[in-house]
Amino acid sequence: MSDLLLKLDNIGIQFGGLKAVQNVDMYLNRGELVGLIGPNGAGKTTTFNMLTGVYVPTEGDITFKGQSIKGLKPYQVTKKGISRTFQNIRLFKDVTVLDNVKIANHHLANHSIISSIFRLPAHFKGEAKMEKESIDFLKIFGLDVYKNELAKNLPYGMQRRLEIARALAAGPELLLLDEPAAGMNPQETQDLMDLIALIREKFNLTILLIEHDMNLVMGICERIYVLDHGQLIAEGTPEEIRNNPKVIEAYLGEEVVQ
Amino acid sequence: MKKSKAFWGYLVIALVIYAVVQGMLVTGMLDLYYQNMLITICINIMLAVSLHIVIGITGQFSIGHAGFMAVGAYISAICTMKLGLPFIVGIILAGIVAAFAGVLVGVPSLRLKGDYLAIATLGFAEIIRILFLNIDYVGGAAGMVVNHATTWTYAFFGVIITILVISNFTNSRHGRGCIAIREDEIAADAMGINTTYFKVVAFVIGSLFAGVAGALYAHNFYIIQPTAFNFLKSFEILIYVVLGGLGSLSGSVIAAIFLTAISQYLQAFPETRMIIYSVVLILVMLYRPTGLMGTKELKDLFKARKKGGSEV
């Protein structure tokens, strides 16, 4: 069952003279939950940005479902089936919770502008379907009670959840979570772990997540990649990573390794 | 079902307003001065609402709206005066050509953001104005004489169609795509929204109705001159949108009515007119920095009141 979904082939990116990420080889099999960790500034988010088309890698190639997605615009990558959340929450703040999800659902609907302007039957049918699907997503995340609130008025933890709900509404096969537990307390983190497990099961997702919370990463990831200074320094199961001297060195400094 | 009920309700209200005013015009209760004022208000509402979709909904700060109005005005004038086509054909062609101009201006300039976009659109509007200034066929700087053809009926139904199309667009998946761009362009892109496409679509719809408004304007004042479409006109439209509240369609409408009425009323005091007008603007901005309506619509206010009432 281990068919390849995503493959990063020796990718790298240069900003002027700075090599932010180089020689990164990664793969994700369908249905896996993989963690990407590393100290601050290691290039984790940059890697995400290359995956989602925000940056175009200057070296190497990215293939998703056997097709190269290098050079595609972010919205095209999303249409291919990769969606993401952001490290610093990027909700549509002055829009209701329901509309936030509907916006992500946008590209899965197909009624045209003309049908919307003239209020043709296709418009009502399409909108009703979007409404139903969006509410279903909100229910999974326990957000349906807030559906008419503005996103900016939600408590922080709920905003994080809404980010994930919105990413899911874009209909991904591969979900990229950028520090989903940042700023959460242990209880919220535990709830989030359960939630990730649940949606993974329910939507048949493959998940790649960046996280600093080691409990979360070690608790739910099947494999972990470790980045440091833009290069992969380790790969393996949580157990292997925990005991890898290079990883301990990257996180804690050299003296500790005796 | 509920939605369509509200829609028919609005339509009935609109028709009643139309019928009452039309009746008053026919019976002579409202004289030419007021007729002219009503038509001016209608034209300004159309301009405000058509800019609202670009700035308020899509968040693209375009300040060259008078340019598209000029295109509409001149195209319709050419149709009726030079080619002898009926007025309605002139209006439709004005809209189409202005929309086409919107594509030409929008595609290159909407790659820019914020202040840079503002300057680029301002530049394009000036180019359009200078073009008309130098084309002898349309009278150059002296302007072009146009027959009076705009009536209350044209103006009123122009407003109704503009509001209907733009509010229908806004309350659909396409409009939500535009709102997403306004809120966070990077996130919108990541959620599968083709940001360039939607910016251009909003811009083109805005230009189309600015063109129609331009056509009505041209046939209301007997003469059109390029100076009528300079950047001051663009700013006037911008003020309606900002004062009404960015993102609020009813706000744009109310601001357009309010400011046009004030400006017409103040014509009796030519020396202090612009001072009073400016003071009104400053006061509104000081006390309502988000504009008259914020991002709310008129119906939201009624809803809030109803809710408050039932709680008491």
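Condition first: among the basic types (K, R) and either at pLDDT 95 or above or more than 20 Å from B:P226 (Cβ to Cβ) (or both). Now tell me which residues in the stretch B:93-135 satisfy that. Talk me through it step by step, then tell me what you get.
We begin by selecting, within the stretch B:93-135, every residue among the basic types (K, R); these are B:111, B:113, B:129.
Passing the criteria: B:R111, B:K113.
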| request: Within the stretch A:159-190, track down each residue that is of a type in the set (D, E, K, R) and at pLDDT below 90. | output: A:E188
| message | Taking the condition of being buried (at least 23 other Cβ atoms within 10 Å of the Cβ), more than 10 Å from chain B (Cβ to nearest Cβ) and under 21 Å from A:N29 (Cβ atoms), how many residues in the stretch A:154-173 meet it? | response | 0
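Please state which one of A:S134, A:S115 is within 22 Å of the chain's Cα centre (by Cα), assigned to a helix (DSSP H, G or I) and either of a type in the set (D, E, K, R) or more than 7 Å from chain B (Cβ to nearest Cβ) (or both). Explain how you work it out, then say what you get.
Numbers: A:S115 fails: within 22 Å of the chain's Cα centre (by Cα).
The unique qualifying residue is A:S134.
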| said: Just the residues that are at the interface with chain B (Cβ under 9 Å from one of its Cβ atoms) and surrounded by 24 or more Cβ atoms within 10 Å (Cβ to Cβ), please, taken from the stretch A:86-98. | reply: A:F92
| message | Against the definition (in contact with a strand residue (DSSP E or B) (Cβ under 7 Å, 6 or more places away or on another chain) and without any contact (Cβ under 8 Å) to a residue 12 or more places away in the chain), how does B:A218 come out, yes or no? | response | no
| remark: Of the residues in the stretch A:6-23, those that are buried (at least 20 other Cβ atoms within 10 Å of the Cβ) and within 18 Å of the chain's Cα centre (by Cα) come to A:L6, A:L8
| field | Residues satisfying the stated conditions in the stretch A:75-84, i.e. within 13 Å of A:A167 (Cβ to Cβ) and more than 9 Å from chain B (Cβ to nearest Cβ) | value | A:G81, A:I82
| message | Looking at the stretch B:180-201, can you tell me whether even one residue there is touching a helix residue (DSSP H, G or I) at 6+ places or on another chain (Cβ under 6 Å) and closer than 27 Å to B:I13 by Cβ? | response | no
| Wholly within the stretch A:16-74, strands (runs of 3 or more DSSP E) carrying at least 1 residues that are modelled with pLDDT under 90 and more than 14 Å from every other protein chain (Cβ to nearest Cβ) | A:18-29
| task | Being over 28 Å from A:D194 (Cα atoms) and polar (S, T, N, Q) is the filter here, so list the residues in the stretch A:99-151 that pass it. | result | A:N110, A:S112, A:S115, A:S116
| task | Within the stretch A:24-50, track down each residue that is surrounded by 17 or more Cβ atoms within 10 Å (Cβ to Cβ) and free of Cβ contacts under 8 Å to residues at least 12 places away in the same chain. | result | A:N49
| message | Against the conditions (1) free of Cβ contacts under 8 Å to residues at least 24 places away in the same chain; (2) in contact with a helix residue (DSSP H, G or I) (Cβ under 6 Å, 6 or more places away or on another chain), where does A:V101 fall short? Just the number, please. | response | (1)
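Quick one: would you say B:V280 is among the β-branched types (V, I, T), modelled with pLDDT under 90 and surrounded by 13 or more Cβ atoms within 10 Å (Cβ to Cβ)?
Numbers: among the β-branched types (V, I, T): yes; modelled with pLDDT under 90: yes; surrounded by 13 or more Cβ atoms within 10 Å (Cβ to Cβ): yes.
Criteria met by B:V280.
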| query | Taking B:Y197, is it more than 13 Å from the chain's Cα centre (by Cα) and either assigned to a helix (DSSP H, G or I) or modelled with pLDDT under 95 (or both)? | reply | yes
| request: Check off (1) within 14 Å of another protein chain (Cβ to nearest Cβ); (2) not in a helix (DSSP H, G or I) for B:F221 and give me the number that stays unchecked. | output: (1)
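Yes/no matrix, rows are residues, columns are (1) in a loop (DSSP other than H, G, I, E, B); (2) at pLDDT 90 or above:
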{"position": "B:I186", "(1), (2)": "no, yes"}
{"position": "B:I193", "(1), (2)": "yes, yes"}
{"position": "B:L208", "(1), (2)": "no, yes"}
{"position": "B:V212", "(1), (2)": "no, yes"}
{"position": "B:Y217", "(1), (2)": "no, yes"}
{"position": "B:K233", "(1), (2)": "no, yes"}
{"position": "B:V241", "(1), (2)": "no, yes"}
{"position": "B:G247", "(1), (2)": "yes, no"}
{"position": "B:Q267", "(1), (2)": "no, no"}
| note | With criteria (1) loosely packed, with under 15 Cβ neighbours inside 10 Å; (2) away from chain B (no Cβ under 14 Å), A:N148 comes up short on (2)
| said: Give all pairs with beta carbons closer than 9 Å in which a residue from the stretch B:153-175 that is within 12 Å of chain A (Cβ to nearest Cβ) meets a residue that is assigned to a loop (DSSP other than H, G, I, E, B) and at pLDDT 95 or above; count only pairs at least 6 apart in sequence or on separate chains. | reply: none
| Whichever residue in the stretch A:209-226 is outside any strand (DSSP E or B) and under 17 Å from A:T46 (Cα atoms) and, among such residues, is farthest from the chain's Cα centre (by Cα) | A:H212
| Those residues of the stretch B:178-187 which are facing chain A (nearest Cβ under 7 Å) and under 11 Å from A:F92 (Cβ atoms), in sequence order | B:I179, B:A180, B:E183, B:D184, B:A187
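Are there any helices (runs of 4 or more DSSP H) wholly within the stretch B:56-174 with 2 or more residues that are among the polar types (S, T, N, Q), and if so which? Please lay out each step first, then the result.
Details: elements: B:65-77, B:87-109, B:114-133, B:152-170.
Per the criteria, B:152-170.
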| query | Hey, any hits in the stretch A:174-183 for a residue that's more than 30 Å from B:G206 (Cβ to Cβ), buried (at least 19 other Cβ atoms within 10 Å of the Cβ) and among the acidic types (D, E)? | reply | yes
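The values are calculated or read from the model by the stated rules, or taken from the named source; none is laboratory data. A quick note: this is a predicted structure, and the numbers were derived from the prediction, not measured. Heads up, the Cβs are rebuilt from the backbone with ideal geometry, glycines too, and the neighbour counts pull from every protein chain shown.
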